Amino acid sequence: RDGWVGRILKDHRTTGWLGWKGPERSQNHGMVGLEGRGLGSPRPWSRSQAEGQQNLMEFVGGEPSKKRKRRTSFTPQAIEALNAYFEKNALPTGQEITEIAKELNYDREVVRVWFCNRRQTLKNTSKLNVFQIP
């Protein structure tokens with residue numbers, strides 16, 4: 001394989017994702033260096049392992065300590081309005097989503113995801129109804 005994908009896959013096969021080969025194994029294949037029955041304290045990372053972590057974070061493009069956005073709580077009125085829009089049009093355009101979001105005072109992305117989730121819910125319940133005995 002060529003390019004960066006090939007390098008990542010090749011590196012993964014030989015050393016693991018972060019450049020760590022895993023704990024050493026003894027003749028009876030038990031773990032060496034891990035105290036008790038639990039994992040014990042992890043060994044400190046070597047410089048190459050720390051660089052592997054750094055490279056992975058750059059590749060993934062995220063900060064390890066970045067907080068997720070809190071789950072949005074919809075008001076009953078907003079849910080009623082969204083369901084009314086959904087009954088009219090289950091697949092609104094980007095412009096329509098933007099207008100709905102402004103009208104309801106929610107982020108555009110939150111409204112977009114609500115419509116995606118609602119379509120998926122409808123799809124999943126339709127599958128369940130096929131298997132129900134009338």
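The values are calculated or read from the model by the stated rules, or taken from the named source; none is laboratory data. Bear in mind that the values here come from a model prediction, so they are computed numbers and not experimental data. Ideal geometry is used to build each Cβ from the backbone, glycine not excepted, and the neighbour counts take in all protein chains shown.
Cβ-Cβ contacts under 7 Å between residues 6 or more apart (or on different chains), taken from a first residue in the stretch 109-134 that is within 15 Å of E87 (Cβ to Cβ) and among the aromatic types (F, W, Y) to a second residue that is modelled with pLDDT of 90 or more and not in a helix (DSSP H, G or I), are listed as F115/P92.
Among the residues of the stretch 76-106, those that are within 18 Å of T121 (Cβ to Cβ), over 27 Å from the mean Cα position of the chain (by Cα) and loosely packed, with under 12 Cβ neighbours inside 10 Å comprise P76, E80, A84, E87, K88, N89.
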